[in-house]
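The values are calculated or read from the model by the stated rules, or taken from the named source; none is laboratory data. Everything numeric here is computed off the predicted structure, so don't read it as measured data. Neighbour counts are summed over all protein chains in view; Cβ atoms, including those assigned to glycine, are modelled from backbone coordinates with ideal geometry.
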Amino acid sequence: MPSYRVQPIEPDLAWRVRATLRSPGYDYPAYVDLATAEGPCRVCLNPFRSGADRAVWFVYDPARGRGPGPVPGPVQIHEEGCQAYRSITPSPVTGLDPALLRSGCGLLLQGFSACPQGGGTALESADGADALGAALTRLFAEPSIEYVHVRRADDGCFLYEVTC
């Protein structure tokens, strides 16, 4: 089983967004509101409690400076701050923390090469742990793939980055 590393949004970037209420790299306004869906926060990767937790929403481009073009989209983080995600014992099926599979929707995986001109070089979809593990295996079998962005399949929102 491959060993994967999951990278959420950097805590320092999240604190800058909370302090300025501006999107990094774009200077678009961020806003704070009650969470209307279960998640996850892009720093701790824990689900929000819909109607109870307050979230900061902002535009984020996880491939900024690494891809051939912008791939921005909306993300949310806890308003009050939270502990950054740290990987726990991986699932034998996917090699990932089982908690990362609870998005409640299908997943879209986009593989990127290390070369900024290479851009997104592969795309896979997954629904469930078995499919996620198989998709990651296929993507990382391609020698040019350095990292994978995992997004919600229904709206394309960035969830987290995976490296092998």
Per-region count, region 1-36, residues out of contact with any strand residue (DSSP E or B) (no Cβ under 9 Å at 6 or more places or on another chain) and of a type in the set (A, V, I, L, M, F, W, C): 3
Mind checking which residues of region 35-46 are of a type in the set (A, V, I, L, M, F, W, C) and surrounded by fewer than 18 Cβ atoms within 10 Å (Cβ to Cβ)? 37
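Return a yes/no flag: does region 20-34 have any residue that is small (Gly, Ala, Ser), surrounded by fewer than 16 Cβ atoms within 10 Å (Cβ to Cβ) and out of contact with any helix residue (DSSP H, G or I) (no Cβ under 7 Å at 6 or more places or on another chain).
yes
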Some residue of region 83-104 being at pLDDT 75 or above, over 15 Å from the mean Cα position of the chain (by Cα) and surrounded by fewer than 15 Cβ atoms within 10 Å (Cβ to Cβ): yes
A careful count of residues in region 68-79 that are surrounded by fewer than 16 Cβ atoms within 10 Å (Cβ to Cβ) and farther than 15 Å from residue 110 by Cβ gives 1
Could you list, in sequence order, the residues of region 47-67 that are touching a residue at least 40 places away in the same chain (Cβ under 8 Å), surrounded by 14 or more Cβ atoms within 10 Å (Cβ to Cβ) and not aliphatic (A, V, I, L, M)? 47, 58, 60, 62, 66, 67
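Considering only residues of region 105-125 that are at pLDDT 65 or above and among the polar types (S, T, N, Q), which is surrounded by the fewest Cβ atoms within 10 Å (Cβ to Cβ)?
125
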Do any residues in region 71-86 that are more than 15 Å from residue 161 (Cα to Cα) have Cβ atoms under 8 Å from those of residues that are charged (D, E, K, R) and not in a strand (DSSP E or B), where the two are at least six apart or on different chains, and which pairs are they? 76/42; 77/18; 77/42; 78/53; 79/18; 79/53; 81/18
